[in-house]
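Participant: Let me begin by handing over the structure; questions about it come next.
The values are calculated or read from the model by the stated rules, or taken from the named source; none is laboratory data. Small disclaimer: the values here were computed from a predicted structure and weren't measured. Here the Cβ is made from the backbone with ideal geometry for all residues, glycine too, and neighbour counts use every protein chain on show. When the accessible area is computed, the model is the full protein with side chains, heavy atoms only, and any ligands, DNA or RNA have been set aside. Shrake-Rupley method; radii C 1.70, N 1.55, O 1.52, S 1.80 Å.
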Amino acid sequence: MTMTQKHLASLLLMAIAMLGLSACEQQEDLQIAAAQECIDTARTSADADRCYSSVAGLESEKAYLIRCSSHYIAQGFTGTRFASAFQRLKDGATSGQDPMATAMAYMVFANSSTTHSADNAVTDCTRSGVRSMQRLATMTKLATFISNAGLGSIPDPTSPSFNPSQISTAITNLVNSNDPTSNTSVGTIAQQASTAYCNEGSSFKDGEVCKNIQNAINAGGADTAAIGRALLQQLQSI
C-alpha cells in the first residue's frame, strides 16, 4: 500500500468513525427528547418509572436532569407543593416553628421506593448540573432523614391529614436523644447544603436556610456531629 493509499485509508476510517459518533449523538438527542416529553406529561409514580427508564445508559447532564425530575414526580410533588415549601421560608416564624423546619416538612420523600430515594435524588440532581435542583435535593435529603430518624416513620405530605408541625417533634426527639450517628448524618447533609445554598452570589446566602446552616457550622467547627447537633438546635428554636 502506497503512502497515498494509507492516507486515504486513514481518512476513510476517520470518516466512518465520525459518522458513527454522529449517529450515536443523534440517537441520544432523540432519546432525551422523548424522555423530556415523558417528563412533561408524567403525573404518577408509574409515569416517573417510565421516564426514568427512558434514559437508561445515558450519562449526560440532560439525562441526569430527567432522572432528577422523575424522583420528584414519583414522590407526588406538584407545583403547589413546591410553592408551599418555599412560601414557608418567607412567612417567618408565624407557624410557631423555625421557617426552615416548616419548609422542610413539605420536602420529605415519604415513598420508600429504592429507585426514587432521597439519596438518589441528591446524586442525580447534582449530576444534572442544575444548581436549583441540587439545592432542592439536598433539602429533601435533610428533611427525609430528620423525619425518619426522629419519628421512626415518614409523614406523607400528600395526605389530607398532614401536619407540618410533625417535623418539630422529629427535631425535638433527635435533640433529646443526642445520638452521635444521627448528629453526624445531619452534620454531613448540612455541609452539603452549605455548598448548594450558601455560595457567593446565591439568593439564599443571607436567608433563613444559610443563617441556620452557617450558624451550625460555625458552632460545630471541624466536628461533623457537633454541626449536626447545632443545626437541630437551630431548627428547634424560633
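Participant: Quick one: which helices (runs of 4 or more DSSP H) lie wholly within segment 162-238 and hold at least 2 residues that are farther than 20 Å from LEU151 by Cβ and in contact (Cβ under 8 Å) with a residue 60 or more places away in the chain? Even if it seems obvious, please write down each step before you answer.
Facilitator: Details: elements: 166-177, 180-197, 208-220, 224-236.
Correct list: 180-197, 208-220.
Participant: Is it the case that some residue within segment 143-158 is open to solvent by less than 40 Å² (accessible area, probe 1.4 Å), within 30 Å of THR114 (Cβ to Cβ) and part of a loop (DSSP other than H, G, I, E, B)?
Facilitator: Start the filter on segment 143-158 by keeping residues that are open to solvent by less than 40 Å² (accessible area, probe 1.4 Å), which leaves 143-144, 146-147, 150, 155, 157.
From what's left, within 30 Å of THR114 (Cβ to Cβ): 143-144, 146-147, 150, 155, 157.
Subset that is part of a loop (DSSP other than H, G, I, E, B): 155, 157.
Yes, that holds for at least one residue.
Participant: Of all residues in segment 204-214, which are under 20 Å from ILE167 (Cα atoms) and open to solvent by 10 Å² or more (accessible area, probe 1.4 Å)? Don't jump to the end; show me each part of the working.
Facilitator: Looking only at segment 204-214, we keep the residues that are under 20 Å from ILE167 (Cα atoms), and these are 208-213.
Residues satisfying the conditions are GLU208, LYS211.
Participant: For a quick check of your reading of the model, give me the residue pairs whose first member lies in segment 93-107 and is of a type in the set (Ser, Thr, Tyr) and open to solvent by 10 Å² or more (accessible area, probe 1.4 Å), whose second is at pLDDT below 85 and part of a helix (DSSP H, G or I), with beta-carbon atoms closer than 6 Å and at least 6 apart or on different chains.
Facilitator: Once the first residue is of a type in the set (Ser, Thr, Tyr) and open to solvent by 10 Å² or more (accessible area, probe 1.4 Å) and sits in segment 93-107, its partners that are at pLDDT below 85 and part of a helix (DSSP H, G or I) give TYR106/SER84; TYR106/ALA85.
Participant: Just to be sure I understand the filter: pairs with C-beta atoms under 9 Å, separated by 6 or more residues or on different chains, first member in segment 46-58 and under 15 Å from THR123 (Cα atoms), second member open to solvent by 40 Å² or more (accessible area, probe 1.4 Å). Which pairs pass?
Facilitator: Close Cβ pairs (under 9 Å, with a partner that is open to solvent by 40 Å² or more (accessible area, probe 1.4 Å)) amount to TYR52/THR115; LEU58/GLU28; LEU58/GLN31.
Participant: Tell me which residues, restricted to segment 108-117, are at pLDDT 85 or above and open to solvent by 10 Å² or more (accessible area, probe 1.4 Å). Can you show your working first?
Facilitator: First, pick out the residues of segment 108-117 that are at pLDDT 85 or above: 108-110, 113-117.
Within segment 108-117, ALA110, SER113, THR114, THR115, SER117 qualify.
Participant: Does segment 129-142 contain at least one residue that is in contact (Cβ under 8 Å) with a residue 12 or more places away in the chain, more than 15 Å from ILE171 (Cβ to Cβ) and not in a helix (DSSP H, G or I)?
Facilitator: Our first condition is that a residue be in contact (Cβ under 8 Å) with a residue 12 or more places away in the chain; within segment 129-142, this holds for 129-131, 133-142.
Okay, now just the ones that are also more than 15 Å from ILE171 (Cβ to Cβ), so 129-131, 133-138, 140-141.
This time we only want the ones that are not in a helix (DSSP H, G or I), so: 129-130.
Yes, the conditions are met somewhere in segment 129-142.
Participant: For segment 118-134, which residues satisfy the criterion of being closer than 29 Å to ASN176 by Cβ and surrounded by fewer than 19 Cβ atoms within 10 Å (Cβ to Cβ)? Can you show your working first?
Facilitator: So in segment 118-134, the residues closer than 29 Å to ASN176 by Cβ come out as 118-119, 121-122.
If the condition is that a residue be closer than 29 Å to ASN176 by Cβ and surrounded by fewer than 19 Cβ atoms within 10 Å (Cβ to Cβ), then ASP119 is the only one that fits.
Participant: Let me ask another. Given the conditions (1) under 23 Å from GLY96 (Cβ atoms); (2) at pLDDT below 95, report the number of the one that VAL130 does not fulfil.
Facilitator: (1)
Participant: Quickly run through segment 216-238 and pick out the residues that are modelled with pLDDT of 90 or more and surrounded by fewer than 15 Cβ atoms within 10 Å (Cβ to Cβ).
Facilitator: ASN218, GLY221, ALA222, ASP223
Participant: Something else about it: Please enumerate the residues belonging to segment 83-104 that are modelled with pLDDT of 90 or more and over 19 Å from GLN134 (Cβ atoms).
Facilitator: ALA101
Participant: For segment 173-198, enumerate the residues that are on the phi < 0 side of the Ramachandran plot and open to solvent by 50 Å² or more (accessible area, probe 1.4 Å). It would help to see each step written out before you state the result.
Facilitator: Initial filter on segment 173-198 (on the phi < 0 side of the Ramachandran plot): 173-177, 179-198.
If the condition is that a residue be on the phi < 0 side of the Ramachandran plot and open to solvent by 50 Å² or more (accessible area, probe 1.4 Å), then ASN173, ASN176, SER177, ASP179, PRO180, THR181, THR184, THR188, GLN191, GLN192, THR195 are the ones that fit.
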